[in-house]
1. Are any residues in the stretch 528-539 over 17 Å from Trp469 (Cβ atoms) and in a strand (DSSP E or B), and if so, which ones?
2. Would it be correct to say that Gly492 is closer than 17 Å to Thr524 by Cβ, surrounded by 14 or more Cβ atoms within 10 Å (Cβ to Cβ), among the small types (Gly, Ala, Ser) and within 22 Å of the chain's Cα centre (by Cα)?
3. With respect to Lys101, determine if the residue is touching a helix residue (DSSP H, G or I) at 6+ places or on another chain (Cβ under 8 Å), modelled with pLDDT of 95 or more, surrounded by fewer than 16 Cβ atoms within 10 Å (Cβ to Cβ) and not small (Gly, Ala, Ser).
4. Of all residues in the stretch 438-478 being of a type in the set (D, E, K, R) and touching a strand residue (DSSP E or B) at 6+ places or on another chain (Cβ under 6 Å), which is surrounded by the most Cβ atoms within 10 Å (Cβ to Cβ)?
5. Inside the stretch 28-111, counting only strands (runs of 3 or more DSSP E) that do not spill past its ends, which hold 1 or more residues that are within 18 Å of Asn364 (Cα to Cα) and of a type in the set (Gly, Ala, Ser)?
6. Being over 15 Å from Val543 (Cβ atoms) and hydrophobic (A, V, I, L, M, F, W, C) is the filter here, so list the residues in the stretch 484-519 that pass it.
7. If you scan the stretch 410-437, which residues turn out to be of a type in the set (Gly, Ala, Ser) and either assigned by TED's automatic domain parsing to the domain that holds Tyr527 or surrounded by 12 or more Cβ atoms within 10 Å (Cβ to Cβ) (or both)?
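The values are calculated or read from the model by the stated rules, or taken from the named source; none is laboratory data. Quantities reported herein were computed from a predicted structural model and do not represent experimental measurements. Note: ideal-geometry Cβ built from the backbone for every residue, glycine included; neighbour counts use all protein chains shown.
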Amino acid sequence: MKRTYPLVILLALGVQAQDIVDIAPFWRAIDSVSLGNTINDLYTDLTLPDTIKIGGETFPVTWVSSDTLFLRHDGHINGRFVGENKEVTLTATVHDNLNQKKQDVANKVSIHGFEPYSNYLFAYFPANNDENIYYAISNDGYNFTAMNNGKRVVAADTVSIKKGLRDPHVLRAPDGWFYMVNTDMKSAEGWSSNRGMVLMKSRDLIHWKHATVHFPDKYKGKKFANVTRVWAPETIWDDSYENKDGSKGRPLVYYSLLTDDGTIPYDQVFFNYANEDFTDLEGDPIHFFDRGKSTIDMDIVYNPVDKYYHAFYKNEGDGGICKVKAQSLTSANGTKAPNWSKQSKALQQTTEAVEGAGVFKLINQNSWVLMYDCYMNGHYQFTSSADLETFKFVQDTKTSGAFTPRHGTILPITAQETAALMKAFPTSNFEAKVINLPDSIGVCDGKKVVGPCSATKIIPYVKVGEASWNETTDLKVAKGATVQLGPHPWDGKIWSWEGPGGFKSTTRENTLKNVDGTKSGYYTVTYTNETGCKSIAKIKIVVDDPDHPYVEPPPVSISDRGMREIHKDLRLKHAPVYFDLLGNRLKDKPRNGMYVVK
């Protein structure tokens, strides 16, 4: 887009030297208006520049959103759909005041939909001598509590041919179903003893319909009848698959295969599409991926930010977790594998032996988690990444007692699903966090639009001396008492306190020792949840101290500074943006003259 011409050409065209203006910086400024690929799936507000500096020149930039219900002109996210993205055009106009020129640059911004989930469900099998399906639940995706009082939730001997279920993978699909696939195997018979998989589907994660796929029977007379391993099947929704009724979308099932006839000499990844009712696989297995050596435990996720499918797998025999990526799930209308990228380096953040990689995204956060089973050392390791390329260690989660997961899946679930699961599978010593939908701010295309995030309710727990914890916001205590403040959510990380006598703290739990009347008053706690939303609670403590009697502060009036600040914030939030007739953004409303309001 650069508009520069050699001086000799300009002079030949009759342009005088004194009239020659280098306009290249203007076009370079236009070329530099880039918001990066985060706008493909936007979670947080954008920071938009008012000017762009190229060399020694400064070019004003103005921004206009096509739909301020979702995205304001200043890049602030105003609203979201629930469960789906909304595309908005954010247009940058670069101005060249010298030549009174301007150029528009349109950016397609996809506002990430609010995810209506509160908790995380972990489906797994616990041991080689207990190959059944178990559940655990979590508020943060890292620390889990076994459900059903540590008992199985799906009995293998009721659904599988081999009377063993391993490696459960659960998919929440756009058609309203949950799809689970499992290795149909009993390890006591040997590592090359399984011949198929178990397909299951459910509406509620509690009641499952099931079917088995036994390769020796299904593929009789073909090489796939000679399988010795059909390991770790998983599903991913392929929204490009066209069904017979013209609708699109079908679960694609992928897994590792090994045969004893030499046709598949080491574990390679194959795929099929499931049939319409998820009771069988369609057609013959199609080769999906091959690193040249045994490859197992593949787990595929799609990242809308970079628009790639990322496939993680274990390098069987060599150790470690690597990945490849592709821009599509399949090629040639679903009959061939995609063009996979070069294999990544090892991604695990440990030198321990690992397997069973699983990848999931944290609720309403642009943060991915890669977990894997450190099966020789009694723990799962969790790592995080913003881009699925670089991972950092988060924590080792010990596996012991009722919680001993082996190769499973973690998926976000709603508060309603959590409540139903805890009713069906009693779970002690777990307090489920509830993330409510943000308030509605309007309607678009007949669908509700909600605020950008939802605050987490603070439960104000207080403890006096050796007494039990009590949920209250109004407490009276004797002089000399010890008071503990311990609000929930207990796993919350970002807390801020202010109180009498200059009290400040950034920890959730605080202890006030030997209190007297100077400690009486309101203790205000602010909790910032994972999505950046703040919630506030006030706990009133009155100490019975005749030397320092408590005096209730006067009510806050509309004229107080705090209220003025609130009103100022509200005005700024909804303040109009002014432009002159040339499109230049003005700092404030002009006193006179013509202007445009956005």
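1. Hits for the stretch 528-539 are Thr528, Lys534, Ser535, Ile536, Lys538.
2. Spelling it out, Gly492 is indeed closer than 17 Å to Thr524 by Cβ, surrounded by 14 or more Cβ atoms within 10 Å (Cβ to Cβ), among the small types (Gly, Ala, Ser) and within 22 Å of the chain's Cα centre (by Cα).
3. Against the criterion (touching a helix residue (DSSP H, G or I) at 6+ places or on another chain (Cβ under 8 Å), modelled with pLDDT of 95 or more, surrounded by fewer than 16 Cβ atoms within 10 Å (Cβ to Cβ) and not small (Gly, Ala, Ser)), Lys101 does not qualify.
4. Lys463
5. Result: 101-111.
6. Listed by number, the residues that qualify are Trp490, Ile494, Trp495, Trp497.
7. Listed by number, the residues that qualify are Ala415, Ala419, Ala420, Ala424, Ala432.
Each row is one residue, and each column tells you yes or no for (1) among the basic types (Lys, Arg); (2) without any contact (Cβ under 8 Å) to a residue 40 or more places away in the chain; (3) closer than 21 Å to Phe26 by Cβ.
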site: Thr58; (1), (2), (3): no, yes, yes
site: Ser66; (1), (2), (3): no, yes, no
site: Gly79; (1), (2), (3): no, no, no
site: Asp96; (1), (2), (3): no, no, yes
site: Val105; (1), (2), (3): no, no, yes
site: Phe114; (1), (2), (3): no, no, no
